[in-house]
């Protein structure tokens with residue numbers, strides 16, 4: 001007999017009753033999650049610019065974009081957003097920062113899914129990896145005032 005549906009029902013009941021609402025991560029875990037996300041966002045910004053004429057452009061070409069100005073603008077805007085969110089998480093970690101990063105992650109995942117749905121089947125999981133990032137951002141947003 002599978003206990004998973006029973007556990008799911010218990011979790012739903014607890015959520016409705018407000019049980020378990022406060023997230024309680026110790027300081028080390030909170031900082032580890034935050035630093036990991038800072039690394040992801042800042043590295044993504046640097047790599048996007050570093051590879052702007054290579055992988056970044058190739059990815060947008062494979063999505064059907066051809067105009068060099070549009071491609072350059074998308075790469076720079078995306079990298080700037082990544083850098084801004086990474087720096088905000090580093091120097092001003094706040095609930096609003098994590099919620100903004102969550103919104104950006106969800107938006108970029110939806111756009112990437114619309115343009116290149118095959119990325120979900122990529123062996124290195126460029127979109128699949130967004131699920132744990134979303135979970136980390138939700139935990140930090142709930143933990144942080």
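The values are calculated or read from the model by the stated rules, or taken from the named source; none is laboratory data. All figures in this text were calculated on a predicted structure; none of them were measured in a lab. Note: ideal-geometry Cβ built from the backbone for every residue, glycine included; neighbour counts use all protein chains shown.
Taking the criterion of being assigned to a loop (DSSP other than H, G, I, E, B), closer than 22 Å to residue 36 by Cα and more than 15 Å from the chain's Cα centre (by Cα), would at least one residue in the stretch 105-117 satisfy it? Within the stretch 105-117, none of the residues are assigned to a loop (DSSP other than H, G, I, E, B), closer than 22 Å to residue 36 by Cα and more than 15 Å from the chain's Cα centre (by Cα).
For residue 80, work out the one condition from (1) in contact (Cβ under 8 Å) with a residue 12 or more places away in the chain; (2) under 14 Å from the mean Cα position of the chain (by Cα); (3) farther than 26 Å from residue 28 by Cα it doesn't fulfil. Failing condition for residue 80: (2). When residue 63 is tested against (1) at pLDDT 95 or above; (2) touching a helix residue (DSSP H, G or I) at 6+ places or on another chain (Cβ under 7 Å), only condition (1) is not met. Per the conditions (1) crowded, with 19+ Cβ neighbours inside 10 Å; (2) at pLDDT 95 or above, the sole criterion not satisfied by residue 35 is (1). Here residue 70 fulfils each of the conditions (1) part of a helix (DSSP H, G or I); (2) within 30 Å of residue 122 (Cα to Cα); (3) over 22 Å from the mean Cα position of the chain (by Cα); (4) modelled with pLDDT under 90 apart from (4). Listed by first and then second residue, the pairs linking a residue in the stretch 38-51 that is touching a residue at least 60 places away in the same chain (Cβ under 8 Å) to a residue that is assigned to a helix (DSSP H, G or I) and crowded, with 18+ Cβ neighbours inside 10 Å, with Cβ atoms under 6 Å apart and 6 or more places separating them unless they lie on different chains, are 41/82; 41/85; 41/86.
Select from the stretch 118-145 the residues that are farther than 28 Å from residue 91 by Cα and assigned to a helix (DSSP H, G or I) and list them in ascending order. Even if it seems obvious, please write down each step before you answer.
Here is the first cut: in the stretch 118-145, the ones farther than 28 Å from residue 91 by Cα are 118-125.
Across the stretch 118-145, the qualifying residues are 118, 119, 120, 121.
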